[in-house]
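Participant: First the structure, then my questions, so here it is.
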Amino acid sequence: MSQVLDPELRRALTERIRFYHELNIYDFYRRGSPATAEQTATAEAYSPSPPPPELREEMAARKSAAVAPVAEENIFARATPKPEQGVSDPTAALQLIREDLGDCARCKLHKQGRKQIVFGVGNARAELMFVGEGPGADEDAQGEPFVGRAGQLLNNMIKAMGIRREDVYIANVVKCRPPGNRTPERDECDTCSPFLMRQIAVIKPKVVVALGAVSAKNLLAINAPMSELRGRFYDFMPAGTHGSDPSWPGAKLAVTYHPAFLLRDPRQKGEAWKDLQMVMKYLGLEPPKKAAP
Ligand code: SF4
């Protein structure tokens with residue numbers, strides 16, 4: 001098949017693919033039956049598969065953004081009931097997820113110096129959840145997310161919202177410390193995040209705040225800079241849990257800066273405060289008398 005497409009045809013195909021995406025159609029198949037030369041020529045002219053290289057990235061991003069819960073999920077894992085399913089007490093359900101995680105060795109982070117798994121902490125019935133990237137040295141040592149300097153700042157941010165750390169639930173995309181505090185890699189996030197998704201599905205928060213770009217990109221499966229991710233709510237349903245609880249319509253997801261970034265660039269605290277004020281307004285939290293953290 002020729003790799004060179006007429007620009008006009010390429011534009012038409014791009015529009016057609018966008019149209020299908022808006023209809024939530026992402027997978028395209030070609031017939032496997034023998035074809036005549038004429039049919040082959042027609043199929044080559046109109047089949048959108050494979051797309052030209054410059055379109056692949058955009059298609060992949062859009063595809064994962066909208067269908068990650070289905071497309072990236074192991075179909076057998078999906079068919080297997082999770083131990084927490086049907087457990088109405090979220091504390092007990094979280095405990096079952098923790099037991100299912102066990103002494104996890106599912107990704108390479110288990111053998112890269114972690115002291116312990118950092119599962120998550122807080123109110124199992126929280127209306128508000130914060131999700132960071134991964135544990136750092138303090139978190140790895142104490143087994144609790146956001147306990148170092150960044151954790152102190154997060155505590156101040158939560159306090160400034162008029163609530164307490166115990167009122168919210170805090171977790172990370174990956175549960176083991178990446179060596180040297182490096183950014184968790186794609187395969188590590190993909191392997192670990194289903195457990196986070198199950199935690200979110202059990203807690204059923206009204207709002208999830210993604211702390212930093214790594215968290216936002218993993219939760220939303222959107223590859224975009226922080227400047228584009230912040231300042232709005234996204235409708236969020238944890239991957240793999242669609243329709244599992246008809247009484248929970250999903251959460252609103254907001255994106256703000258990671259506290260560790262705010263420690264490095266305190267000038268951005270005002271921007272983060274704007275993000276939190278948006279969340280407070282949605283949750284009906286009273287703005288505290290004192291302003292920014
Ligand atoms: S990061 Fe997650 S998937 Fe990887 S070993 Fe730790 S708990 Fe398991």
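Participant: So which pairs qualify, if the first residue must be in segment 161-177 and closer than 16 Å to residue 205 by Cα, the second must be more than 16 Å from the ligand (Cβ to nearest atom) and of a type in the set (Gly, Ala, Ser), the Cβ gap must be under 6 Å, and the two must be at least 6 apart or on different chains?
Facilitator: Between residues of segment 161-177 that are closer than 16 Å to residue 205 by Cα and residues that are more than 16 Å from the ligand (Cβ to nearest atom) and of a type in the set (Gly, Ala, Ser), the close pairs are 168/122; 168/126; 169/122; 169/126; 170/122.
Participant: Looking only at segment 80-117, count how many residues are among the basic types (Lys, Arg), modelled with pLDDT of 95 or more and part of a loop (DSSP other than H, G, I, E, B).
Facilitator: Going through segment 80-117, the residues among the basic types (Lys, Arg) turn out to be 82, 98, 106, 108, 111, 114-115.
In the following step, the residues that additionally are modelled with pLDDT of 95 or more were identified as 98, 106, 108, 111, 114-115.
Then keep just the ones that are part of a loop (DSSP other than H, G, I, E, B); that gives 106, 114-115.
Count: 3.
Participant: Go through (1) assigned to a loop (DSSP other than H, G, I, E, B); (2) farther than 25 Å from residue 273 by Cα and name the single condition residue 141 misses.
Facilitator: With respect to (1) assigned to a loop (DSSP other than H, G, I, E, B); (2) farther than 25 Å from residue 273 by Cα, residue 141 is out only on (1).
Participant: Restricting to segment 106-116, give me the number of residues that are more than 6 Å from the ligand (Cβ to nearest atom) and of a type outside the set (D, E, K, R).
Facilitator: Selection size over segment 106-116: 3.
A quick yes/no check of all residues on (1) among the basic types (Lys, Arg); (2) crowded, with 24+ Cβ neighbours inside 10 Å; (3) farther than 21 Å from residue 89 by Cβ:
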{"site": "140", "(1), (2), (3)": "no, no, yes"}
{"site": "166", "(1), (2), (3)": "no, no, no"}
{"site": "175", "(1), (2), (3)": "yes, yes, yes"}
{"site": "195", "(1), (2), (3)": "no, no, no"}
{"site": "224", "(1), (2), (3)": "no, no, yes"}
{"site": "230", "(1), (2), (3)": "yes, no, yes"}
{"site": "235", "(1), (2), (3)": "no, no, yes"}
{"site": "247", "(1), (2), (3)": "no, no, no"}
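Participant: Continuing with the same structure: Looking at 144, 139, which one is away from the ligand (no atom under 12 Å from the Cβ), among the acidic types (Asp, Glu) and in contact with a strand residue (DSSP E or B) (Cβ under 6 Å, 6 or more places away or on another chain)?
Facilitator: On inspection, the qualifying residue turns out to be 144.
Participant: Starting from residues that are among the aliphatic types (A, V, I, L, M) and within 16 Å of the ligand (Cβ to nearest atom), keep the ones in segment 80-105 and report whichever is surrounded by the fewest Cβ atoms within 10 Å (Cβ to Cβ).
Facilitator: Residues of segment 80-105 among the aliphatic types (A, V, I, L, M): 87, 92-94, 96-97, 101, 105.
Keeping just the survivors that are within 16 Å of the ligand (Cβ to nearest atom) gives 94, 96-97, 101, 105.
Working: 94: 21, 96: 17, 97: 21, 101: 16, 105: 10.
Of everything passing the filter in segment 80-105, 105 is surrounded by the fewest Cβ atoms within 10 Å (Cβ to Cβ).
Participant: Taking the condition of being part of a helix (DSSP H, G or I), under 18 Å from the mean Cα position of the chain (by Cα) and either of a type in the set (Phe, Trp, Tyr) or within 16 Å of the ligand (Cβ to nearest atom) (or both), how many residues in segment 155-206 meet it?
Facilitator: Initially, segment 155-206 is screened for residues part of a helix (DSSP H, G or I), giving 155-160, 165-167, 179-181, 186-203.
Among the residues that remain, those that are also under 18 Å from the mean Cα position of the chain (by Cα) are: 186-203.
From what's left, either of a type in the set (Phe, Trp, Tyr) or within 16 Å of the ligand (Cβ to nearest atom) (or both): 186-200.
Adding up the residues that qualify gives 15.
The values are calculated or read from the model by the stated rules, or taken from the named source; none is laboratory data. All values reported here derive from a predicted model rather than from experimental measurement. All Cβ positions, even for glycine, are placed from backbone atoms using ideal geometry, and neighbour counts span all protein chains on display.
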